[in-house]
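Taking it in order: structure first as structure tokens, then the write-up.
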């Protein structure tokens, strides 16, 4: 299922260009166009799921795939290994939760710690 008006569905379909990090039959990963860190990419399901709020137990394997893929792609993209290195995963949910594109997506960020202030 896709949404013809969804920017992420259009990226998956190749209608909008992106800097692809990874793709398989279930997910698509690409660099964020407005990065918050030196390494910042998104992992999105190919299935159009608007947010975390619409997940069901049927999506458990998909979410597990995304979570286990994140560390592998983080290292591939240049994040330093654990424990001294690492990365941050952010999943915003809904407008009040900071979600700007209503297609479930996981931000993976690393290379520095811009989220630590002061």
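Every number in this text was worked out from the coordinates using simple rules, so none of it is lab data. Please read all numbers here as calculations on a predicted model, not as lab measurements. All Cβ positions, glycine included, derive from the backbone under ideal geometry; neighbour counts span all protein chains shown.
Remarks
- Shown for 100, 25: other C-beta atoms within 10 Å of each C-beta, ranked fewest to most, produce the order 25, 100.
- Contact order normalised by residue count of the range 52-118, Cα under 8 Å, 6+ apart, percent: 31 percent
- Largest first, the extents of the alpha carbon coordinates of the chain on the three principal axes equal 40, 29, 28 Å.
- Per-residue ellipticity at 222 nm, computed for the chain from helices alone with -39500 (n - 2.57) per DSSP H run of at least four residues, works out to -6000 deg cm²/dmol.
- Of 29, 61, 37, the one that fluctuates the most in a GNM where the chain has Cα springs shorter than 10 Å: 61
- 112, 18 arranged by Cβ crowding within 10 Å, fewest neighbours leading: 112, 18
- With neighbours defined as other Cβ atoms within 10 Å of a residue's Cβ, the residues 101, 27 order from fewest to most as 101, 27.
- Candidates 89, 16, 44, ranked by Gaussian network fluctuation over the chain, Cα under 10 Å, top entry: 16
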